[in-house]
Amino acid sequence: METEEYTSDLFSDSTAPATPLPSSPDRFQRLIPPDFSSPIRLYHNDEDEETGDAGEWDEDTSDSCAPGGLVGAVEESPEKEEGVEPKPTFTEKQQWINAMRLKFCVRKEFEITKNIVHEDGTLNQDYFRPPKGTKLHQEEARRWTDKERNLLIKGIEKHGIGHFREISEELLPDWSGNDLRVRTIRLIGRQNLQLYKDWKGREEDIKAEYERNKEIGMRLGAWKAGVLVYDDDGKVLEALQASGS
């Protein structure tokens with residue numbers, strides 16, 4: 001037994017009954033306001049079962065699509081003819097939009113929605129603005145200052161390089177272990193910290209390591225973006241081993 005489906009009352013009067021739709025596949029109907037309709041070409045999928053002939057294109061200017069297995073519709077630009085009324089203007093379209101807002105934006109069951117639009121359907125911009133005096137919560141941008149730098153050095157002196165999670169939890173909770181690893185790379189001037197694992201040092205020791213790494217990097221052309229990087233030939237590693245690191 002076939003059941004009937006009903007179209008939305010989007011473009012119908014509030015007192016008019018819903019329009020029944022036939023069952024699939026003829027149940028497609030264009031949901032655009034009649035005022036904005038334009039000539040379209042409708043493709044009816046009426047394939048002949050015996051001959052195998054495909055469907056054909058028909059032109060239709062009515063508001064609803066004719067039945068017959070509608071597959072698609074291609075809109076064409078109507079030719080300009082003398083005496084033909086122009087298409088709806090921007091003002092007319094805006095009036096239709098305002099009417100749709102009044103119909104669907106305001107919900108009686110939700111009291112707050114009555115402030116979304118004005119009585120004429122235009123948007124109430126104040127509804128979308130925060131109340132006056134409201135301070136929006138914004139995460140303060142973290143800044144790496146001398147205070148954070150000194151705390152990192154203190155953590156390296158106590159826990160050693162590689163123990164960044166402990167340093168974060170104890171001294172710099174706003175900075176993750178990975179954040180501190182990157183800062184240590186900049187601080188000591190070497191991209192790969194593997195040879196520094198568990199190394200502990202005071203501020204002067206860190207400065208000395210930085211200068212040594214920079215000297216090797218500048219000499220071998222391996223000082224990139226403020227840090228020493230390894231090369232494919234292994235010359236950087238040889239220089240580090242020769243200098244006691």
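The table below gives the values:
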| read-out | value |
| --- | --- |
| Yes/no for R219 being surrounded by fewer than 14 Cβ atoms within 10 Å (Cβ to Cβ), among the basic types (K, R) and either outside any loop (DSSP other than H, G, I, E, B) or in contact with a Ser or Thr (Cβ under 8 Å, 6 or more places away or on another chain) (or both) | yes |
| Qualifying residue in the stretch 179-194 (condition: charged (D, E, K, R), open to solvent by 20 Å² or more (accessible area, probe 1.4 Å), in contact with a helix residue (DSSP H, G or I) (Cβ under 7 Å, 6 or more places away or on another chain) and modelled with pLDDT of 95 or more) | yes |
| Residue tally, condition touching a Leu at 6+ places or on another chain (Cβ under 6 Å) and more than 18 Å from R143 (Cα to Cα), over the stretch 162-188 | 1 |
| Selection status of K214, surrounded by 15 or more Cβ atoms within 10 Å (Cβ to Cβ) and without any contact (Cβ under 8 Å) to a residue 24 or more places away in the chain | no |
| Single residue of K154, K200 found to be open to solvent by 70 Å² or more (accessible area, probe 1.4 Å), without any contact (Cβ under 8 Å) to a residue 60 or more places away in the chain and in a helix (DSSP H, G or I) | K154 |
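The values are calculated or read from the model by the stated rules, or taken from the named source; none is laboratory data. Remember, it's a predicted structure, so these values are computed and weren't measured experimentally. Note that each Cβ is placed from the backbone with ideal geometry, even for glycine, and that neighbours are counted across all protein chains shown. Areas reflect the complete protein model, heavy atoms only, side chains present, ligands, DNA and RNA absent. Shrake-Rupley method; radii C 1.70, N 1.55, O 1.52, S 1.80 Å.
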